[in-house]
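Engineer: What follows is a structure written as structure tokens; I'll ask about it next.
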Amino acid sequence: MHCKKLTPLLLAILIFIMLTSCAAAAKDSASNDEKYQKQVYAMDTVMILTAYGENAEEALEEAEEAILSLESDLDPETEDGSVYALNQNAGTAVAVSEDCMNIMSTTLAVFQETGGALDPGLYPIIKAWGFISGEYRVPSQEELDVLLAQMDTASIQLDEESMTVTLPAGMEVSFGAAAKGYTAQKVLDIMAEAGVESAIVSLGGNVQTLGDTKPDGSQWTVAVIDPNDTGSYVGLLHTGQTAVVTSGGYQRYFEEDGVTYIHILNPETGCPVDNDLLSMTVVTSDGTRADALSTALFVLGSEGALEYAESHEDVELVIITKDNRVVVTAGLADCFSESGEGYTYEYLG
């Protein structure tokens, strides 16, 4: 990972980004540096796509089409999608799209690597809590026990030769923990194939870049949101081509009888995670894996997350804890600028 300092910037919502294009350019090269931007609403998220250069405008159009196609294919509630077909036909082999196979493969890999901390089989339990419909409720322990008994993610069968997936009978899955990351990765792959050399996409808490620099030669800057004040940020990451994904309980939650219930669930209990974390930011090259890991490592808590990062050299973290510590792993020490107030910053060496 190549990290260099550059001028800080901010874009409000979940992650703040500002893109600066070249100042002055000759007429014969201006088209190579021109900035094009498109906003798309999909997957319950405002997506901001920005690309530079003469092929950027066409690439953004193609990217939008891909986003809408992925939304339909990966949404478990869309009847003509692969995930819907899987859930409706659990117990039998179901032909799925290449995108569904890819995201399933990455999700199951992270499931295995993290001891089940990321589990696509949580979907019925997520629905039971109301995080899909918005009709929030606290399920009884009896209801959760029944739903937990139906989860058998380790028994999911993938056949990449026939492009089929077989879920255990009675099981349902969703890929909400990785869908935006997969989408960001695919969008940037489309742009690269179109000849775009510099681009950045922001899909809610997911940010991914194409190219080690912007057209003016400066590095990208991505802000890490302050979970205690989402209109601010605790620091800025200055980086090249990579994915930066943040998960946190502050992103979606509800309160009942004075208790706050966040949308990130513990696969062992079926209940919202209650550990030492406020947010988990993962920095790694692949958008799908970064997205999946941000949820899995949040579930594991700071100790488990740091153990994972220590054994995976391509993964770096910015961890914000409930006791207001910001923990930055070694690979980001020279890439991170402090910006928050009321936090203690720790840099691991």
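Engineer: Taking a point 7 angstrom from the Cα of VAL146 along the C-beta vector, which residues in region 231-274 have backbone N less than 19 Å away?
Structural biologist: Backbone N within reach: 269-271.
Engineer: Now for a separate question. Starting at the first residue of region 325-341, write each ³J(HN,Hα) from the Karplus equation 6.51 cos²θ - 1.76 cosθ + 1.60 with θ = phi - 60°, in whole Hz, x for Gly and Pro.
Structural biologist: Per residue, the Karplus-derived 3J(HN,Hα) values read 9, 10, 9, 10, 6, 4, x, 10, 4, 8, 10, 10, 10, 6, 9, x, 10 Hz.
Engineer: Evaluate the relative contact order of the chain (contact order divided by residue number), counting alpha-carbon pairs under 8 angstrom at least 6 apart; express in whole percent. Walk me through the intermediate numbers first.
Structural biologist: Numbers: 746 pairs, mean separation 68.8, N = 349.
Dividing the mean separation by the residue count of the chain yields 20 percent.
Engineer: What pairs in LYS214/LYS322; LYS38/LYS180; LYS38/LYS322 have C-alpha atoms more than 28 Å from each other?
Structural biologist: Beyond 28 Å between Cα atoms: LYS214/LYS322; LYS38/LYS322.
Engineer: Nearest 20 debye, what's the magnitude of the dipole of region 143-266 about its Cα centre given +1 on Lys and Arg Cβ and -1 on Asp and Glu Cβ?
Structural biologist: Values: 4 positive and 17 negative charges, 91 e Å.
Roughly 440 debye for region 143-266.
Engineer: Right, here's the next one. Can you tell me the accessible area per residue over region 98-210, all protein chains present, probe 1.4 angstrom, in square angstrom?
Structural biologist: For region 98-210, the solvent-accessible area averages 39 Å² per residue.
Engineer: List the residue ranges in the chain for DSSP H helices whose C-alpha atoms run 18 angstrom or more along the long axis and whose Kyte-Doolittle average is 1.6 or above.
Structural biologist: Membrane-span-like by this criterion, though nothing is claimed about a membrane: none.
Engineer: Related question: Under 16 Å Cα to Cα from LYS186, which aspartates and glutamates show up? Leave out anything in the same chain fewer than 8 places away.
Structural biologist: Filter leaves GLU58, GLU61, GLU62, GLU64, GLU65, GLU71, ASP73, GLU98, ASP99, GLU197, ASP286, ASP291.
Engineer: Could you work out the pair-distance distribution P(r) of region 195-349 from its alpha-carbon pairs, with 10 angstrom bin width and percents rounded to whole numbers?
Structural biologist: 11, 41, 35, 11, 2, 0
Engineer: Given R₀ = 25 Å, what would the calculated FRET efficiency be for GLU61 paired with ASP216, taking r from the Cβ atoms and rounding to 0.05?
Structural biologist: My answer for the efficiency is 0.50.
Engineer: With charges set only on the Cβ (+1 for Lys and Arg, -1 for Asp and Glu), what does the dipole of region 275-349 come to about its Cα centre, in debye to the nearest 20?
Structural biologist: The dipole magnitude comes to about 200 debye.
Engineer: With all protein chains present and a 1.4 Å probe, how do ASP44, ASP145 order by accessible area, largest first?
Structural biologist: ASP44, ASP145
Engineer: For the chain, set up a Gaussian network in which alpha carbons nearer than 10 Å are linked by springs, and say which option among GLU172, GLU142, GLU197 fluctuates the most.
Structural biologist: GLU142
Engineer: Can you give the charge dipole size of the chain about its Cα centre, rounded to the nearest 20 debye, using +1 on the beta carbon of Lys and Arg and -1 on the beta carbon of Asp and Glu?
Structural biologist: The calculated dipole for the chain is roughly 840 debye.
Engineer: For region 210-348, build the charge dipole from Cβ charges (+1 Lys, Arg; -1 Asp, Glu) around the Cα centre, then report which of PHE298, GLN219, ASN324 sits farthest towards its positive end.
Structural biologist: Sorting the options by dipole projection puts first GLN219.
Engineer: While we're here: Between GLU98 and GLU341, 0.36 nm times their residue separation minus their Cα-Cα distance comes to what?
Structural biologist: That pair, GLU98 and GLU341, stretches by 83.0 nm at full extension.
Engineer: Rg (Å, one decimal) plus Dmax (Å, integer) for the alpha carbons of the chain?
Structural biologist: Both quantities, over Cα of the chain: 20.2, 69 Å.
Engineer: Related question: Mind listing the long-range amide H neighbours of SER198? Cut-off is under 5 Å, sequence gap 5 or more, other chains count too, H placed in the peptide plane at 1.01 Å from N.
Structural biologist: Amide H neighbours of SER198: TYR52.
Engineer: Hey, another quick one. In region 62-102, what GluC sites (Glu not before Pro) fall in a loop by DSSP, with at most 13 other Cβ atoms inside 10 Å?
Structural biologist: Passing sites in region 62-102 are GLU77, GLU79.
Engineer: Right, next: Tell me the label-point distance for the pair ASP229, GLU160, using the 7 Å Cα-to-Cβ offset, in nm and rounded to one decimal.
Structural biologist: For the pair ASP229/GLU160, the computed spacing is 4.7 nm.
Engineer: Taking +1 at the Cβ of each Lys and Arg and -1 at the Cβ of each Asp and Glu, which of LEU118, GLY81, ILE67 sits farthest along the dipole of region 27-118 towards its positive end, judged by Cα position relative to the Cα centre?
Structural biologist: Farthest towards the positive end: LEU118.
Engineer: Moving on. Please give me the summed charge of the neighbours of LEU108: other residues whose Cβ is under 14 Å from its Cβ, Lys and Arg +1, Asp and Glu -1.
Structural biologist: -4
Engineer: If you stretched the chain out fully between SER285 and ASP189, how much longer would it get, using 0.36 nm times the residue separation minus the C-alpha to C-alpha distance? Numbers along the way, then the final one.
Structural biologist: On the way: separation 96, 0.36 × 96 = 34.56 nm, distance 1.25 nm.
Between SER285 and ASP189, full extension yields an extra 33.3 nm.
The values are calculated or read from the model by the stated rules, or taken from the named source; none is laboratory data. Every value quoted in this text rests on a predicted model; they were computed, and no experiment measured them. Virtual Cβ from ideal backbone geometry, glycine too; neighbours counted across all protein chains shown. These area figures cover heavy atoms from the full protein model, side chains too; ligands, DNA and RNA do not enter into them. Shrake-Rupley method; radii C 1.70, N 1.55, O 1.52, S 1.80 Å.
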